[in-house]
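The values are calculated or read from the model by the stated rules, or taken from the named source; none is laboratory data. Just so it is clear, the model here is predicted, and its values are computed rather than measured. Every residue, glycine as well, gets a Cβ built from its backbone with ideal geometry; the counts of neighbours run over all protein chains shown.
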Amino acid sequence: MMSYFAKIEQQKDKTFLVEFTGLEGCFTEGRTLDEALSNAKEALNGWLAARCDRELKIPKPKKTRGRNFHAIEVDLTIAFVIGLRRQRMKRGLSQAQVAKRLEISQQAYAKLETPSKANPSLQTIQRISTVLETDVNSLLAA
């Protein structure tokens, strides 16, 4: 699964500030550590989904160690969209080219790279991995 690391520090007012280093503008807070962790997942997924929707580059997760760092797991659908886009781009293919190989429309393929619309079946994921000459795990890995 795909995870990013959040730096969580308690502030003077006893709230917890959450920042994702390397993900500019991705931060949140919480009154308790549990609330901060929950809010971190929501902020991370929202930030990544917005980047996907606007077709902006998404930094790869970096393992970070330290007392204040917590691994935050990315929702499965968003991880799939990011992995799919990375695998396609790694091969220098356009959405239209992959769609043609899958024998679907470019619009149908574009939905697979849109977090709010992606909901591929297992069979579709298997076909994509065959067309992109990769394994299924690569579509979900960072």
*Which pairs have Cβ atoms under 9 Å, sit 6 or more apart or on different chains, and link a residue in the range 108-124 that is in contact (Cβ under 8 Å) with a residue 24 or more places away in the chain and closer than 18 Å to residue 57 by Cα to one that is among the acidic types (Asp, Glu) and surrounded by 15 or more Cβ atoms within 10 Å (Cβ to Cβ)?*
115/75
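Do we have any residue at all in the range 48-56 that's within 23 Å of residue 131 (Cβ to Cβ), outside any helix (DSSP H, G or I), out of contact with any Gly (no Cβ under 6 Å at 6 or more places or on another chain) and outside the structural domain of residue 128 (by TED's automatic domain parsing)? Let's see the steps before the verdict.
Initially, the range 48-56 is screened for residues within 23 Å of residue 131 (Cβ to Cβ), giving 52, 55.
Imposing the further condition that a residue be outside any helix (DSSP H, G or I) reduces the set to 55.
Next cut, out of contact with any Gly (no Cβ under 6 Å at 6 or more places or on another chain) only: 55.
Next, only the ones that are outside the structural domain of residue 128 (by TED's automatic domain parsing) stay: 55.
Checking the range 48-56: at least one residue is within 23 Å of residue 131 (Cβ to Cβ), outside any helix (DSSP H, G or I), out of contact with any Gly (no Cβ under 6 Å at 6 or more places or on another chain) and outside the structural domain of residue 128 (by TED's automatic domain parsing).
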_Selection from the range 68-108 of residues that are under 14 Å from residue 138 (Cα atoms) and charged (D, E, K, R)_ = 85, 86, 88, 90, 91
_Given the condition in a helix (DSSP H, G or I) and farther than 20 Å from residue 1 by Cβ, answer yes or no: does some residue in the range 67-82 qualify?_
no
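Taking the residues in the range 87-142 that are assigned to a helix (DSSP H, G or I) and charged (D, E, K, R) as candidates, determine which candidate is surrounded by the fewest Cβ atoms within 10 Å (Cβ to Cβ). Please lay out each step first, then the result.
Keep residues of the range 87-142 that are assigned to a helix (DSSP H, G or I), which gives 87-90, 95-102, 106-112, 122-131, 136-139.
This time we only want the ones that are charged (D, E, K, R), so: 88, 90, 100-101, 111, 127.
Values: 88: 21, 90: 11, 100: 15, 101: 15, 111: 15, 127: 16.
Here the residue is 90.
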